[in-house]
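Notes follow once the structure below has been shown.
Values in this text are rule-based calculations from the coordinates and carry no lab data. A quick note: this is a predicted structure, and the numbers were derived from the prediction, not measured. Backbone-built Cβ (ideal geometry, glycine too); neighbour counts: all protein chains shown.
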Amino acid sequence: MDLTPHLPALQVIVPMLSSPLILLLKPRGLAWAGAAAVALFSFAIALNMALAVARGNEFYYEMGGWQAPYGIALSVDGFSALVLLIITGAAAAALLAARPSVDQQIEAERQPLFYSAFLLALAGLTGIAVSADAFNIFVFMEISSLASYVLIAGGPDRRALPAVFKYLTMGTIGATFYLIGVGMVYMMTGTLNLADMEARIGDVTDINPILVAAGFITIGLALKAAVFPLHVWLPNAYAQAPHIVTVFLAACATKVAIYVLIRFDYFVFQANLENHALQFSTFLAPLALFGILVASAVAMFEGHIKRLLAMSSVAQIGYIILGASFVTTAGLTASAAHLFNHALAKGGLFLAITGLAYHYRDLRLDQLAGAARTMPWTAAAIVVCGLSLVGIPGTAGFISKWLLINAAIDNGDMAWLLIAIVLLSSLMALAYVYRIIDTLYFKPAVVAQAPGEAPMQLLLVIGIVAVANIVFGLFPSFPLALSSSAAELLLRHTL
Amino acid sequence: MSLDNATLNNAILVALCVPLITAVGIQLASRVSDNLREVVTLLGASTLAWVVWGMLPELFSGERPSWMVAELLPGITLAFEVEPLGMLFAALASGLWIINSIYSIGYMRGNKEQKQTRFYTFFALSLAATMGVAFAGNLFTLFLFYELLTLSTFPLVSHKGDEATVRSARVYLGILLSTSIGLLLPAIIWTYHVAGTGDFTVDGILAGKIAGADVGLLLALFVFGIGKAAVMPVHRWLPAAMVAPTPVSALLHAVAVVKAGVFAVTKIIVYVFGVDFLFSANSTAGWLIYAAAFTIIAASLVALRQTNLKRLLAYSTVAQLSYVVMAAAVLKPLAEIGAAIHMVAHAFGKITLFFAAGAIYTAAKKTELHQLRGIGRRMPWTMTAFTIGALSMIGVPPTGGFVSKWYILAGAFQADNLLAIFTIIASTVLNAAYFLPIIFMAWFADEPSDAKPHGEAPPLVVVALCMTALLTLGFFFFNGPVIELEQQLVKGMLQ
């Protein structure tokens with residue numbers, strides 16, 4: 001039996017059904033092994049679909065053979081394939097590396113619960129990416145969010161609780177806004193299927209509810225995506241979560257919200273609402289620019305390494321939004337490529353931080369002084385991923401920054417301002433990455449130095465991700481092919 | 001033909017890989033014994049020189065070995081091409097690496113330096129980056145290796161690891177990285193945008209693509225973005241880099257790194273702007289001569305006031321680098337040849353001077369000028385070499401410095417450029433004013449009565465500095481091949 005057509009369904013079902021089974025694996029280590037195997041399998045599925053999509057095949061799947069307006073429809077195109085690759089890749093890397101860190105941070109009897117929640121989050125995020133239906137997106141968004149709240153609160157640090165409460169409040173508001181918007185569109189069109197929505201909005205006589213819906217949906221998702229200034233939940237949530245959870249969430253959680261934001265606005269509204277492109281850009285571009293500058297500036301003076309990188313994420317989200325706000329193929333390609341490349345860089349950095357955290361309990365920057373002396377490989381990975389974050393040529397980060405700048409050049413009057421801001425923020429990124437490097441390599445140690453490197457299992461994954469940052473910096477054709485096919489796909493729906 | 005091309009491509013690949021393999025070999029060999037490590041270094045240096053010099057016959061016959069590694073984005077490739085200027089730079093750096101390795105062994109052992117393995121490893125890595133800069137076939141590749149050179153020399157500059165050293169190393173990294181990302185990268189992006197390519201092409205790629213004040217502005221972004229060329233005001237990193245062990249100052253901060261800077265400037269003037277185009281845009285691009293002339297005079301004046309030998313040499317280097325920039329900016333055939341051979345002449349002379357400074361430090365722990373009274377009698381070989389190097393800086397025959405100054409002057413006369421002529425004459429006087437007193441003091445002044453007795457530096461050190469002194473003299477008599485090679489540069493330029 002050929003499973004290929006069923007891949008979109010398997011992508012969600014495998015982690016979702018494994019999640020409760022993991023709970024049964026009580027003996028030490030088994031839960032981890034099971035979760036890691038499921039994540040790897042999911043990654044294989046995503047890779048398989050991405051390769052097929054890159055060859056020009058798209059997936060469309062109807063659950064149980066029920067047709068679209070009535071049944072559940074799944075679809076995977078270039079954009080969703082790219083996002084699936086990011087989600088499952090991040091999950092696989094995080095789970096493969098997880099064991100030493102999780103053993104340290106979470107009691108043995110709660111570990112099966114932890115891994116189970118992890119797989120549920122994975123299932124939710126992949127579900128968002130494959131859904132072709134606005135309401136299913138909401139359901140999966142809730143699944144992934146609830147699982148993430150559990151994951152973040154699961155760490156040993158009680159300060160995680162206020163952080164997660166803030167995240168929960170903001171996340172719920174975001175999801176509710178989204179639901180209100182979807183409800184209004186449903187009210188006017190009578191469908192939840194994205195493709196049908198696109199087709200039917202044109203027939204709606206009173207357009208005002210649709211406009212209000214677009215506002216609710218955009219803001220709700222921007223909240224979920226931590227678009228500046230709706231990002232306040234993010235730094236604490238990332239900083240207080242168990243380290244391995246931070247790796248996973250930082251690499252893909254906000255990106256999935258951005259994915260829905262872009263998909264919804266381009267697929268459903270762009271083709272129907274007059275001047276929507278202009279509204280979309282004039283609303284999001286300034287936020288993106290402010291986010292880039294303010295968050296980078298805050299990161300430059302942040303004292304806790306995880307919060308520093310979290311603030312940097314807010315700035316990087318700004319780049320992604322900025323590219324999308326150009327409403328051009330070049331801009332969307334840059335955005336999509338940056339989704340991928342930033343996941344690589346930030347995921348790698350947080351993995352390396354997990355390595356540091358294995359020996360250093362306090363992750364304030366000044367406490368980490370001199371860590372490179374006993375953990376040279378981990379520190380080297382931080383340098384490589386950090387340079388990728390800055391966008392130095394030869395690393396993955398450069399590719400998307402180059403694309404973004406080239407997209408900005410075509411943007412007419414504002415071009416020079418945009419380029420100046422992108423370059424300025426690159427210098428700011430250099431400043432905060434350099435602060436980390438400077439601390440790790442040159443400051444005299446203030447606490448007892450780590451007795452040695454991070455555990456081999458962790459170190460190996462860190463190394464693979466760091467090398468991937470260079471490989472995709474020199475040979476970016478595969479992610480670029482997916483990105484540009486995503487961009488063309490999105491623009492096909494423009495007026 | 002195709003077979004020929006294949007072997008040539010291999011030569012580029014091998015030239016890039018030999019230093020990398022040497023670096024690995026050094027790490028492995030150091031576990032066996034220090035002597036084996038030194039053997040590996042010397043072996044690596046000799047192999048590299050053999051490979052690089054082996055390409056010379058092809059160059060003389062007018063061929064341009066090239067190798068396209070990968071196309072990252074449309075138009076942006078990682079590609080190498082060997083042309084006369086790059087060949088000269090590579091041949092110079094690889095040849096002097098052998099002598100410098102001999103010197104390093106004597107120096108590092110004589111001073112019982114810490115972490116010698118790390119030192120030799122990063123030295124080899126720096127050479128790999130230098131080869132990449134020399135053979136870069138386009139702006140992107142040049143930038144990539146330019147940054148790698150900065151990063152790989154950083155551990156060498158901060159070698160000592162104490163607070164003062166780290167502070168200087170920060171200045172080094174800060175200036176070089178921020179200028180390259182803040183100015184050079186925008187210049188490269190601008191070039192790719194208007195020209196559609198960044199390939200180094202005879203006659204340049206920008207003619208007709210930009211005009212007016214933009215030419216001057218783009219040139220400024222390039223010249224100041226290439227901080228390694230140390231045109232004022234971005235010269236501060238060079239005196240800061242003097243905290244490094246002397247072999248680093250000698251090979252990297254008199255030859256590889258700084259020459260990478262002026263080499264890149266010259267290459268961009270010749271192969272990106274095109275000499276004819278730049279000459280036609282003289283009204284806006286003509287400022288470069290003034291900037292270079294100012295740097296020559298100002299740096300010489302600062303050198304006059306120095307009391308520390310290495311800092312004096314550093315400022316002398318700043319001035320001498322601007323000779324190359326000024327010569328290139330004169331935009332006349334003889335001056336371009338002068339620029340190329342001044343790189344060689346200055347390299348021989350300045351490496352000798354640094355070797356001598358290091359020899360004095362090793363034998364007597366003296367670093368200040370006033371301590372050098374009467375040292376000629378205790379260290380006759382060293383001070384003879386020093387004298388030859390200093391005379392070459394002034395440009396007195398029979399030293400190499402005379403030859404290049406002759407060509408630069410001849411070029412200045414071709415262009416009737418009185419400013420350049422005046423600057424060369426004035427700086428010759430200034431050079432004499434700061435070098436002759438040292439020579440006089442070393443040979444003819446009496447030692448202070450409380451002087452501690454000491455002899456010559458370790459034999460390997462003395463051997464190395466005598467070799468470079470002989471090269472300085474030899475270049476006066478045997479400069480034919482170099483000039484013949486660089487005439488190709490001009491030939492291509494004028495047709």
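Determine which single condition residue A:42 fails, assuming it passes every other condition in (1) in contact with a strand residue (DSSP E or B) (Cβ under 9 Å, 6 or more places away or on another chain); (2) under 16 Å from residue A:248 (Cβ atoms); (3) hydroxyl-bearing (Ser, Thr, Tyr).
Result: residue A:42 fails condition (1) only.
Test residue B:484 against the stated conditions and say whether it is surrounded by fewer than 17 Cβ atoms within 10 Å (Cβ to Cβ) and either in contact with a helix residue (DSSP H, G or I) (Cβ under 7 Å, 6 or more places away or on another chain) or farther than 22 Å from residue B:390 by Cβ (or both).
On the way: surrounded by fewer than 17 Cβ atoms within 10 Å (Cβ to Cβ): yes; either in contact with a helix residue (DSSP H, G or I) (Cβ under 7 Å, 6 or more places away or on another chain) or farther than 22 Å from residue B:390 by Cβ (or both): yes.
For residue B:484, the condition - surrounded by fewer than 17 Cβ atoms within 10 Å (Cβ to Cβ) and either in contact with a helix residue (DSSP H, G or I) (Cβ under 7 Å, 6 or more places away or on another chain) or farther than 22 Å from residue B:390 by Cβ (or both) - is met.
So which of B:123, B:89, B:143, B:154 ends up being touching a residue at least 12 places away in the same chain (Cβ under 8 Å), under 19 Å from the mean Cα position of the chain (by Cα), surrounded by 24 or more Cβ atoms within 10 Å (Cβ to Cβ) and within 14 Å of another protein chain (Cβ to nearest Cβ)?
None of the others qualify; the one that does is B:143.
In the stretch B:191-208, how many residues are surrounded by fewer than 22 Cβ atoms within 10 Å (Cβ to Cβ), within 14 Å of chain A (Cβ to nearest Cβ) and part of a loop (DSSP other than H, G, I, E, B)?
Adding up the residues that qualify gives 2.
Among the numbered criteria (1) touching a Phe, Trp or Tyr at 6+ places or on another chain (Cβ under 8 Å); (2) small (Gly, Ala, Ser); (3) closer than 22 Å to residue A:278 by Cα, which single criterion is violated by residue A:225?
Just one mismatch for residue A:225, condition (1).
Residue B:456: charged (D, E, K, R), part of a helix (DSSP H, G or I) and either at negative phi or in contact with a Pro (Cβ under 8 Å, 6 or more places away or on another chain) (or both), yes or no?
no
Going through B:42, B:20, B:78 one at a time, which residue ends up being in contact (Cβ under 8 Å) with a residue 60 or more places away in the chain, surrounded by 21 or more Cβ atoms within 10 Å (Cβ to Cβ) and under 21 Å from residue B:126 (Cα atoms)? Spell out the reasoning first.
Working: B:42 fails: surrounded by 21 or more Cβ atoms within 10 Å (Cβ to Cβ); B:20 fails: surrounded by 21 or more Cβ atoms within 10 Å (Cβ to Cβ).
When all the criteria are applied, what remains is B:78.
When the stretch A:153-178 is examined, which residues are found to be among the aliphatic types (A, V, I, L, M) and within 21 Å of the chain's Cα centre (by Cα)?
A:153, A:160, A:163, A:164, A:168, A:170, A:173, A:175
Which residues, taken from the stretch B:45-70, are surrounded by fewer than 17 Cβ atoms within 10 Å (Cβ to Cβ) and part of a helix (DSSP H, G or I)?
B:46, B:50, B:53, B:54, B:56, B:57, B:60
Only one of (1) more than 30 Å from residue A:105 (Cβ to Cβ); (2) touching a residue at least 60 places away in the same chain (Cβ under 8 Å) is not met by residue A:241, so which one is it?
The number of the failed condition is (1).
Could you list, in sequence order, all residues of the stretch A:445-495 that are surrounded by fewer than 21 Cβ atoms within 10 Å (Cβ to Cβ), in contact with a strand residue (DSSP E or B) (Cβ under 9 Å, 6 or more places away or on another chain) and part of a helix (DSSP H, G or I)?
A:474, A:477
Could you list, in sequence order, the residues of the stretch A:366-400 that are in contact with a Phe, Trp or Tyr (Cβ under 6 Å, 6 or more places away or on another chain), of a type in the set (Gly, Ala, Ser) and surrounded by 24 or more Cβ atoms within 10 Å (Cβ to Cβ)?
Matches in the stretch A:366-400: A:391, A:396.
Do the conditions hold for residue A:199, that is, is it without any contact (Cβ under 8 Å) to a residue 40 or more places away in the chain, assigned to a helix (DSSP H, G or I) and farther than 20 Å from residue A:118 by Cα?
It is true that residue A:199 is without any contact (Cβ under 8 Å) to a residue 40 or more places away in the chain, assigned to a helix (DSSP H, G or I) and farther than 20 Å from residue A:118 by Cα.
Would you please name the residue that is farthest from the chain's Cα centre (by Cα), looking only at residues in the stretch A:426-440 that are among the hydroxyl-bearing types (Ser, Thr, Tyr) and more than 8 Å from chain B (Cβ to nearest Cβ)?
Out of the qualifying residues, it is A:439.
Being more than 9 Å from every other protein chain (Cβ to nearest Cβ) and either not hydroxyl-bearing (Ser, Thr, Tyr) or not in a helix (DSSP H, G or I) (or both) is the filter; apply it to the stretch B:170-182 and report the residue that is surrounded by the most Cβ atoms within 10 Å (Cβ to Cβ).
B:176
From the list A:382, A:405, A:419, A:399, which one is within 19 Å of residue A:315 (Cα to Cα), at the interface with chain B (Cβ under 10 Å from one of its Cβ atoms), touching a Leu at 6+ places or on another chain (Cβ under 7 Å) and in a helix (DSSP H, G or I)?
A:399
Looking only at the stretch B:319-328, decide whether some residue is free of Cβ contacts under 8 Å to residues at least 24 places away in the same chain and polar (S, T, N, Q).
So far as the stretch B:319-328 goes, no, none of its residues is free of Cβ contacts under 8 Å to residues at least 24 places away in the same chain and polar (S, T, N, Q).
Looking only at residues that are of a type in the set (S, T, N, Q) and within 14 Å of the chain's Cα centre (by Cα) in the stretch A:75-104, which one is surrounded by the fewest Cβ atoms within 10 Å (Cβ to Cβ)?
So the residue we want is A:88.
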